[in-house]
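Here is the structure we will look at.
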Amino acid sequence: MQKLLLSAKDLVKLSLAAIPHPGYISPDAMVTAISVMTRLKSLRLEFYTFLSRPDPGRQLSAPLTRTVLPALTTLAFQGIHEYSESLMAQIDAPLLEGLFVSFIKSTDLTVGVPQLYRFVSQTEAFKTHRRAQMSGSCEKIVCALFQRTDPVE
């Protein structure tokens, strides 16, 4: 899968869903693959298994340089928070307008998500005039952020 993604540098929309686990793509490998996709506007990643959890022994730290996705306007992620955190630590998307994040229930849904916070706080569109929707259940937590489109929102 990674070789296929690396050869698809002109993709504008990428949607990957792993049901339940056809092949694991680590967050590092995913970032490497999408780093060549300079025209990518929409990225959707859905992992419906706990097998998508990154290596627990791997220390998560912000890389010295992040991969910039210059055309990305929409990012959707569904899966476990550890994968999201590892992915968000490695990317920036200056033109992002919509962010949809859904964490499936893992052992603890009260964990912090500092890399998601950093990613959102450094995205220009979300610094002011944004709209957020949050919902939760015993199975998942959903967060959606959008640019403000209506002055009354």
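The values are calculated or read from the model by the stated rules, or taken from the named source; none is laboratory data. The shown structure was predicted, so the numbers you read here are calculated from the model rather than taken from an experiment. Note: ideal-geometry Cβ built from the backbone for every residue, glycine included; neighbour counts use all protein chains shown.
Among residues belonging to region 13-34 that are among the small types (Gly, Ala, Ser), surrounded by fewer than 16 Cβ atoms within 10 Å (Cβ to Cβ) and within 14 Å of the chain's Cα centre (by Cα), point out the one that is modelled with the highest pLDDT. Across region 13-34, the extreme among qualifying residues is 15.
One line per residue, one yes/no per condition, for (1) touching a Lys or Arg at 6+ places or on another chain (Cβ under 9 Å); (2) at pLDDT below 90:
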| residue | (1), (2) |
| --- | --- |
| 36 | yes, no |
| 49 | no, yes |
| 72 | yes, no |
| 90 | yes, no |
| 96 | no, no |
| 104 | yes, yes |
